[in-house]
Amino acid sequence: MTSTTPPYELRLHDAASQVDATAWDALLALQSQPTPFMRHAYLAALETSGSATARTGWVPRYFTLWQGERLCAACALYIKAHSYGEYVFDWAWADAHERHGLPYYPKAVVAVPFTPVPGSRLLAQGDASRTALLRALLDWARESGLSSLHLLFAADDELATARAAGLLLRHQVQFHWHNRHPQNAARFADFDDFLASLTQDKRKKIRQERRRVLEAGVVFRVLRGREITAADWDFFYHCYQRTYLEHGNPPYLTRGFFTLMQEQMPEAWVLFVAERGGQRIASSLIAVSAYPSSVRSENSLTSTAYGRYWGALERVDCLHFEACYYQPIAWCIAQGVHRFEGGAQGEHKMARALMPVQAGSAHWLAHPAFAQAVGHFLAREGQGVQHYLEDLDNRSPFRRAHQDGRIKP
């Protein structure tokens, strides 16, 4: 049987500005796991602001597949000369290549720079166009002589496509909070209702931590969307930059990036500002939903919040927990947000009821022997991740039911 589907035309672009923003965002809206970090404005801002450019080791390439004038698939790819800002660590793979006289860099990543948030990466109108896009990426990587291609923090349907194409899958653990009672799946009425779902020791710990912040005289203001002024963004960036520098690194994102967020994607951000004695001392920033329509919808159980950045100018006991977990969780409950993703790593988040989930990536390595060795490594690592998840599940902070159905305190 002869296929009547017209062939795809592959187009490569050197910048987001060369791709139609409306067509890109319309394609993103069709995906299983859209996030604000894959919006055209977000990716373009990374380039325009100088945050993710050739100078910082992120050379952008945008792949688009067309049938006539219809955009069928697209993705953002970066040629990398290092592995910083990815959060899926392959330094050992690079070292092994170099020790055998084989260059590991440049490599290619399909990812959102500096953003370990699971979500759709291969934007496609369906399975066929997604498969065609991945095939085009692999062909291009081979022809370009790259050592490897990495699809980072991908959606489940994309990982399935990658597995079918022969890529190696890798999983790691993140911690997400869900706005639902573990016993009946009803959403929480308020923060006290959330606390009541936890074991006694966890309730006590959270109350103690919040009390310390309150007794230190710290209060919070919550600003959303266009309520966040340029002065507020300045203060946030001061906190954000200082935290990075205290850890010995300059921040990945420039102040200009957040200026563009204020101008082009204000509805995607919520800022929590900590004040003491009338002076601002700390802030945390979260992103919300993927599109303005869902952000504006109060009590939408389809929306998601993403913990992103924080910083403090003064040290206050437990302020980090309050700013980064308790304030966002309380806000999510009040707004009916379905899920709060706490970011990469951090087993301590379980004590705050952020539960473990798997995040996946897919990898292609050009050298057959290295691909085989990495495959063996990932099989062993995957078993370890599964055992780790099982162990974490046994340490759930939520109250469990007795055999007769009553809830344990």
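The values are calculated or read from the model by the stated rules, or taken from the named source; none is laboratory data. These numbers were taken from a predicted model, which means no experiment stands behind them. All Cβ positions, glycine included, derive from the backbone under ideal geometry; neighbour counts span all protein chains shown. Surface areas here come from the heavy atoms of the whole protein model, side chains and all, with no ligands, DNA or RNA. Shrake-Rupley method; radii C 1.70, N 1.55, O 1.52, S 1.80 Å.
General remarks:
- Count of Lys pairs (Cα-Cα under 20 Å; at least 8 positions apart or interchain) in the chain: 7
- Normalised per residue, the accessible area of the chain is 44 Å², obtained with a 1.4 Å probe and no contribution from ligands, DNA or RNA.
- On full extension, the segment bounded by Ala185 and Ala26 gains 54.0 nm, given 0.36 nm per residue less the C-alpha separation.
- Length gained on full extension, Ala231 to Glu314: 28.0 nm, using 0.36 nm per residue less the C-alpha separation.
- Karplus-derived 3J(HN,Hα), 6.51/-1.76/1.60, for each residue of the range 161-177, Hz, glycine and proline x: 4, 5, 4, 5, 7, x, 6, 8, 9, 9, 10, 9, 10, 10, 10, 10, 9
- Zone residues, the range 331-369, relative to Val222, backbone N less than 20 Å from point 7 Å out along Cα-to-Cβ: 331-343, 352-355
- Surface/4 of the Cα convex hull for the range 39-151, nm²: 7.8
- 3J(HN,Hα) from dihedral phi, the range 113-120, Karplus parametrisation 6.51/-1.76/1.60, rounded to Hz, x for glycine, proline: x, 6, 9, x, 10, x, x, 5
- Shown in residue order for the range 86-103 are the 3J(HN,Hα) couplings computed by the Karplus curve 6.51 cos²θ - 1.76 cosθ + 1.60 at θ = phi - 60°: 10, 6, 10, 7, 10, 4, 5, 5, 4, 5, 5, 4, 5, 5, 9, x, 10, x Hz (x for Gly and Pro).
- Cα→Cβ-extended label distance, 7 Å offset, between Arg276 and Ser144, nm: 4.8
- Of the GluC sites (Glu not before Pro) found in the range 16-120, the ones in coil according to DSSP and having at most 14 other Cβ atoms within 10 Å of their Cβ are Glu69.
- A Förster distance of 22 Å, applied to the separation of the beta-carbon atoms of His13 and Arg135, puts the FRET efficiency at 0.75.
- Extension reserve of the Glu69-Gln372 stretch, reckoned as 0.36 nm per residue once the Cα distance is removed: 105.0 nm
- Packing-based ranking, highest mean first, of 269-275, 130-136, 186-192 given that Cβ atoms within 10 Å are counted: 269-275, 130-136, 186-192
- Helix-only mean residue ellipticity at 222 nm for the chain, each DSSP H run of n ≥ 4 adding -39500 (n - 2.57), per residue, nearest 500: -10500 deg cm²/dmol
- Helix 230-246 axis, angle to the chain major axis (alpha carbon atoms, nearest 10°): 80
- Two-site FRET efficiency, Tyr84 against Ala165, from Cβ-Cβ distance with R₀ of 22 Å, rounded to 0.05: 0.20
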